[in-house]
Amino acid sequence: MGIKERKEREREEKKELILSAAKKIIEEEGIQALSIRKIASRIEYSPAIIYHYFQDKSEIVDYFLREGYKEIVSALGGLQHQEGEPDIVLKASLVNFIEAALKMSEEYKSVMLNDSEEVLKHTSVLFRGASDERPAVGLLCKYLKQHYFKDREDSFIELTAQILWSSIFGLIIRLILEKNVDEVQKHRLIEHNIRFIINGIKTVK
């Protein structure tokens with residue numbers, strides 16, 4: 001390995017170390033508690049070294065929000081690639097989404113319950129036009145239009161996707177907060193929630 005390659009590898013290793021420390025702070029204390037100084041203290045670097053890799057705290061926050069959103073979109077990927085009965089495909093994709101969020105529960109809670117502008121610019125989904133700016137909402141809208149609401153206007157479909165998203169979000173947050181809910185009850189709640197959503201969609205269809 002040449003000098004250039006070794007330096008590049010060392011740079012990536014330091015960057016990963018910084019991101020790992022930042023992730024632990026977010027999980028333990030919340031995204032609002034994240035700071036360059038805290039990251040530096042945790043990995044025993046000077047703040048100046050952190051700034052060598054990231055312009056500021058906002059750049060680190062943006063990184064985690066982008067990565068988290070990729071996981072969410074990936075969980076809903078079945079809406080693009082799976083074929084079959086629409087109810088079954090939609091249910092499977094929503095279950096995947098819920099499970100993906102619960103796997104990163106503390107990070108999800110910290111980010112999604114944060115009302116700062118720098119976070120909301122990534123996480124807000126209730127504004128008009130969200131289907132154009134939020135890939136996950138866009139996926140839901142596209143699937144709903146294709147399989148449930150072919151003759152409905154786009155604004156109605158977007159509202160439906162936003163209400164669907166909000167319902168799922170509420171369940172995820174309660175499951176994260178109520179840690180004593182056993183697996184059987186958790187499964188029942190998820191199944192019941194999704195059944196209500198799909199039945200509601202078909203009722204207004």
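Apart from one condition, LYS145 fits all of (1) surrounded by fewer than 18 Cβ atoms within 10 Å (Cβ to Cβ); (2) charged (D, E, K, R); (3) in a helix (DSSP H, G or I); (4) without any contact (Cβ under 8 Å) to a residue 24 or more places away in the chain; the exception is (1). Need pairs with beta-carbon distance below 9 Å; first residue touching a residue at least 60 places away in the same chain (Cβ under 8 Å) and assigned to a helix (DSSP H, G or I) and within the range 1-23, second charged (D, E, K, R) and surrounded by 11 or more Cβ atoms within 10 Å (Cβ to Cβ); sequence gap 6+ or separate chains. Close Cβ pairs satisfying both conditions: LYS23/GLU107. Is it the case that SER41 is surrounded by 19 or more Cβ atoms within 10 Å (Cβ to Cβ), out of contact with any strand residue (DSSP E or B) (no Cβ under 9 Å at 6 or more places or on another chain) and either hydroxyl-bearing (Ser, Thr, Tyr) or not in a helix (DSSP H, G or I) (or both)? So SER41 fails the test.
The residues listed here are LEU175, LEU159, LEU94; of these, the one that is part of a helix (DSSP H, G or I), closer than 30 Å to ILE31 by Cα and in contact with a Leu (Cβ under 7 Å, 6 or more places away or on another chain) is LEU175. Within the range 44-70, the residues that satisfy the criterion of being part of a helix (DSSP H, G or I), surrounded by fewer than 16 Cβ atoms within 10 Å (Cβ to Cβ) and free of Cβ contacts under 8 Å to residues at least 40 places away in the same chain are PRO47, ALA48, ILE49, TYR51, HIS52, GLU59, GLU67, LYS70.
Throughout, read-outs are computed from the coordinates displayed, never taken from laboratory work. Values in this document were obtained by computation on a predicted structure and should not be read as measured data. Cβ: placed from backbone, ideal geometry, glycine included. Neighbour counts: every protein chain shown.
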